[in-house]
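Taken together, the values in this text are just the output of simple stated rules run on the coordinates, not laboratory data. Note that the coordinates shown come from a computational prediction; the quantities given were computed from them, not determined experimentally.
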């Protein structure tokens, strides 16, 4: 239940999670008692994950379970799918869980949560040895309006400093400062193209 103005509204507990064998997911469900789970799964989903999801359904029949398929190694696709889920569930209590599956899937899920961190309560990893939840930081993933404009132009195929300066109507020296900061933050490459992180920031 959340406060909204002068009244209270009921909200659901939502878990967005990776999954493989399901052991860590079982622990996450026990800890957080979600009423709905979104599983980020590969497309096509493999047999191990299918069996794990069926196990979760059998163990927790009252939980609404939804599978969201992604490209396993496409971090941008995974982040984008996560953002879509968060936007849909933004009025509820959202927790992120990344203990299982490929590292790329866990990273994509986290990066998507960073983009809309104001709508995410918390993120967790279940420690295998103790089955205890480890709280993960939710980082602010955002850029200034000017840097967003630069990323938009680079995304459209413009990567020469002169052309960027002309389009942005700023001095080349000022542009260099912005480009250096974007490179230092891992949003563009040395060749002035978008990195995966840069593409994810563009989803904001």
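Computed over the range 33-100, the percent of Cα pairs more than 14 Å apart is 63. Think of it as helices only: each DSSP H run of n ≥ 4 in the chain is worth -39500 (n - 2.57), and spread over all residues that comes to -13000 deg cm²/dmol at 222 nm.
Shape index of the range 145-201: Rg/Rh, with Rg the Cα radius of gyration and Rh the Kirkwood radius from the inverse mean 1/r over Cα pairs, equals 0.91.
Its residues counted as N, the chain yields a C-alpha radius of gyration over 2.2 N^0.38 Å of 1.18. If the chain linking residue 172 and residue 84 were pulled fully straight, counting 0.36 nm for each residue of separation and taking away their Cα-Cα distance, it would gain 28.0 nm. Each DSSP beta bridge with both residues in the range 2-136 is either parallel or antiparallel, and the antiparallel ones are about 25%.
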